[in-house]
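Just below is one structure, and these are the notes that go with it.
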Amino acid sequence: MRRDVFQAIADPVRREIIDLLSEQELTVNEIAGNFEISRPAISKHLKILDECGIVSIEKKGRERYCLINTENLIPAFLWIEKYNKQWENRINSFENYINELKSKTDKK
């Protein structure tokens, strides 16, 4: 099954892993230490993130280090940004409408 960035960010645990790795490279055990779920469950999430190209896992000695590939998050960012602009425009229009109503009320 081919996975994509949207599958990677669909789960809140994976989003939290992405947040952790955005600050620094961590071992699988260090990542697992931040969660109240089992290490095998974290490994499964990391496998999905790896399959999506969001995380790379490198073996150094006996440890497996995880690092983030931020460039592979760009498609999701661009998709979200498109809707962010639409909502900004709607919110600005609503704010203008409220200000108009307020100014009419203030004139009375």
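The values are calculated or read from the model by the stated rules, or taken from the named source; none is laboratory data. Since we're looking at a predicted model, the values are computed, not measured. Neighbour counts run over all protein chains shown; Cβ positions are idealised from the backbone, glycine included. SASA here: full protein model, heavy atoms, side chains in, ligands and nucleic acids out. Shrake-Rupley method; radii C 1.70, N 1.55, O 1.52, S 1.80 Å.
Hey, any hits in segment 20-27 for a residue that's outside any helix (DSSP H, G or I), in contact with a strand residue (DSSP E or B) (Cβ under 8 Å, 6 or more places away or on another chain) and loosely packed, with under 12 Cβ neighbours inside 10 Å? No, segment 20-27 contains no residue that is outside any helix (DSSP H, G or I), in contact with a strand residue (DSSP E or B) (Cβ under 8 Å, 6 or more places away or on another chain) and loosely packed, with under 12 Cβ neighbours inside 10 Å. Filtered by the rule that a residue be open to solvent by less than 70 Å² (accessible area, probe 1.4 Å) and either touching a Lys or Arg at 6+ places or on another chain (Cβ under 8 Å) or assigned to a loop (DSSP other than H, G, I, E, B) (or both), segment 38-53 gives SER38, HIS45, ILE48, LEU49, CYS52, GLY53. Here ILE80 fulfils each of the conditions (1) within 19 Å of the chain's Cα centre (by Cα); (2) touching a residue at least 12 places away in the same chain (Cβ under 8 Å) apart from (2). Being loosely packed, with under 13 Cβ neighbours inside 10 Å and under 22 Å from ILE74 (Cα atoms) is a description that does not apply to SER56. Just name the residue that is nearest to GLU23 (Cα to Cα) out of those in segment 59-77 that are open to solvent by 80 Å² or more (accessible area, probe 1.4 Å) and free of Cβ contacts under 8 Å to residues at least 12 places away in the same chain. The residue in question is GLU71.
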